[in-house]
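Data first, discussion second: the structure below is written as structure tokens.
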Amino acid sequence: MKLFDNIKDNLDKISVDTLKERAEAIKNAIPKPSPAKNKNENKKDKKEDIPADSVKCPSCNKIIEKKALGKLKICPECGRLFRMNAKDRIKAIADKDSFKEMDINMEADNPLDFPDYSAKIKGLQEKTGLKDAVKTGICTIGGYECAIGVMDSGFMMGSMGSVVGEKLTRIFEYGTEHKIPVVIFTCSGGARMQEGIVSLMQMAKVSAAAAKHSEAGQLYVTVLTDPTTGGVTASFAMLGDIILAEPKTLVGFAGRRVIEQTIKQKLPDEFQTSEFLLEHGFVDAIVEREKLPDVLATILKLHNCKKEVED
Ligand SMILES: [Zn+2]
């Protein structure tokens, strides 16, 4: 109590003027943010130079008309792969009109009452036309029937919450019941922090469903697309019987900076790329985007998958 009284006495002695003086001194000691501000302004100016129907390729820095990227979203100048949304990806992979979507209207709840989460979901639903970060269903690829899940980075960076976990679990269960293979295109920033532990549980749930599908003797193929990280990498992305990846895809668990700070070592430049993973045995093959439908069809054929009889 005596100590507390002493502190209180001392605090009382500090006048408001002294506090103001000190605050002013601290303010002046902080470097002015002017250079950074200028940088941002430059950035903004450059952005404004790009017409609405064009994008700047992050690899070759050329301004490319969006139309010129084509259906497969590939830079015509340097071949860089732009991210594809789930709808375009399914169009590019599944046989024409063969995709039948499942659980279309499944929506996320807000189990932790996380501030603004429900509003964020709603806004993204309106913007993307998706209900959550994955589209699932059944389709044929090269005539071979399979259950398919395609994650979409446009919806909260493809993060895995209860809806993503449940929908993927259901396609594994469908695959197990109907004895058909499962193909999943992964793309994710990891677990969805707004759903806390519920989100982490999805890793175990999807993995358990994948294990049952495997025990039933069915094939599971994953295609890693940019970026595949966090809880998705740490669970079903790495469980495929065959793991394919697109070229120059970012695949990892923790981010590069976190690892460098933890192990206090500099990591190689190509660390966490699909090429690095192929070299170290985590990926079976890197497949060019335009060859994916043929390669997947060949894999399904080699594993005696059911071919749909055409009418
Ligand atoms: Zn380019």
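Checked across region 277-298, the condition of being among the β-branched types (Val, Ile, Thr), buried (at least 20 other Cβ atoms within 10 Å of the Cβ) and outside any loop (DSSP other than H, G, I, E, B) holds for no residue. Please verify whether region 107-124 includes one or more residues that are surrounded by 10 or more Cβ atoms within 10 Å (Cβ to Cβ), modelled with pLDDT under 95 and within 14 Å of the ligand (Cβ to nearest atom). For region 107-124, residues surrounded by 10 or more Cβ atoms within 10 Å (Cβ to Cβ), modelled with pLDDT under 95 and within 14 Å of the ligand (Cβ to nearest atom): absent. Would you confirm, using the coordinates I've provided, whether residue 273 is under 20 Å from residue 168 (Cβ atoms) and in contact with a strand residue (DSSP E or B) (Cβ under 9 Å, 6 or more places away or on another chain)? Taking the combined requirement at face value, the residue does not satisfy it.
Need pairs with beta-carbon distance below 6 Å; first residue within 11 Å of residue 247 (Cα to Cα) and within region 276-292, second exposed (fewer than 15 other Cβ atoms within 10 Å of the Cβ) and not aliphatic (A, V, I, L, M); sequence gap 6+ or separate chains. Final answer for the pair search is 276/270.
Residue by residue, here is whether (1) part of a helix (DSSP H, G or I); (2) closer than 19 Å to residue 72 by Cα; (3) in contact with a strand residue (DSSP E or B) (Cβ under 6 Å, 6 or more places away or on another chain) holds:
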site	(1), (2), (3)
87	yes, yes, no
96	no, yes, no
101	no, no, yes
107	no, no, no
111	no, no, no
127	yes, no, no
131	no, no, no
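Please find, among 72, 112, the residue that is within 19 Å of the chain's Cα centre (by Cα) and either within 21 Å of residue 171 (Cβ to Cβ) or in contact (Cβ under 8 Å) with a residue 24 or more places away in the chain (or both).
Working: 112 fails: within 19 Å of the chain's Cα centre (by Cα).
Going through 72, 112 in turn, just one is within 19 Å of the chain's Cα centre (by Cα) and either within 21 Å of residue 171 (Cβ to Cβ) or in contact (Cβ under 8 Å) with a residue 24 or more places away in the chain (or both): 72.
Residues that are of a type in the set (Val, Ile, Thr) and within 16 Å of the ligand (Cβ to nearest atom) within region 51-99 comprise 55, 63, 64, 74, listed in sequence order.
The values are calculated or read from the model by the stated rules, or taken from the named source; none is laboratory data. Bear in mind the structure is a predicted one, so any value in this text is a computation, not a measurement. No Cβ is skipped: glycine too gets one built from the backbone with ideal geometry, and neighbour counts run over all protein chains shown.
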